[in-house]
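So the structure is just underneath, and the comments pick up after that.
What follows is calculated from the coordinates using simple rules that are stated; it is not laboratory data. The model shown is predicted, which means the values in this text are computed figures rather than measured ones. All Cβ positions, even for glycine, are placed from backbone atoms using ideal geometry, and neighbour counts span all protein chains on display.
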Amino acid sequence: MKHQTSYELQSVAVVDRLGLVPLATRAQRIERWAELLERNPLRCLSALTGTEYVDPEVRERVRADGSPLAVAFDDPLLRAAGLQSDTYGEAKRFFELSDWQLHDVVCSCHAGATMQANWAAARVRRLINGNRFFAWLRSRLLH
């Protein structure tokens, strides 16, 4: 095997520097997803229909072109970190979400058939930060 610098390799191959940005934690992966959605905040995205009513085995395979999940899967960095498809089940696994958390981001019962990317980004960010109102309410009730 011949040693070559990255500059020399660029003349014969695409040099992928994505590995330099780690997405090792759940929070880092979710943050990346939110950032991707925020890049085009007015983009119209497809919602998934009735995820809470779909048989769990079928729900794992549910997907939609142009959904918030498709935005995540289109990102080479998230794919390099292990995102394998734009299905509901894969997003649930990769982002370490419960059904209710993912439902809150992608289901049509919250936004209708379509949603703006900035709306989805806010829901994704809430996965990291939590719902501040409920956190405030919980703090008031417990203290």
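Remark: Ser67, Ser85 ranked as Ser85, Ser67, counting other beta-carbon atoms within 10 Å and listing the fewest first.
Exposure proxy for Val71, Val54: other Cβ atoms within 10 Å of each Cβ, ordered fewest to most, give Val54, Val71. A Cβ-based charge dipole, computed about the Cα centre of region 24-142 with Lys and Arg at +1 and Asp and Glu at -1, lands at about 520 debye. Ordering Ala64, Ser98, Thr49 by Cα displacement along the dipole of region 24-142 toward the positive end leaves Ser98 in first place; charges were set at the Cβ atoms of Lys, Arg (+1) and Asp, Glu (-1). Shown for Cys107, Cys44: other C-beta atoms within 10 Å of each C-beta, ranked fewest to most, produce the order Cys44, Cys107.
Rounded, prolate or oblate: which fits region 24-142 when a ≥ b ≥ c are the square roots of the eigenvalues of the alpha-carbon gyration tensor, with rounded for a/c under 1.5 and prolate only if a/b beats b/c?
On the way: a/c = 1.39, a/b = 1.25, b/c = 1.12.
Verdict is rounded for region 24-142.
A full extension of the chain between Asn40 and Ile128 corresponds to an added length of 29.6 nm, given 0.36 nm per residue minus the alpha carbon distance.
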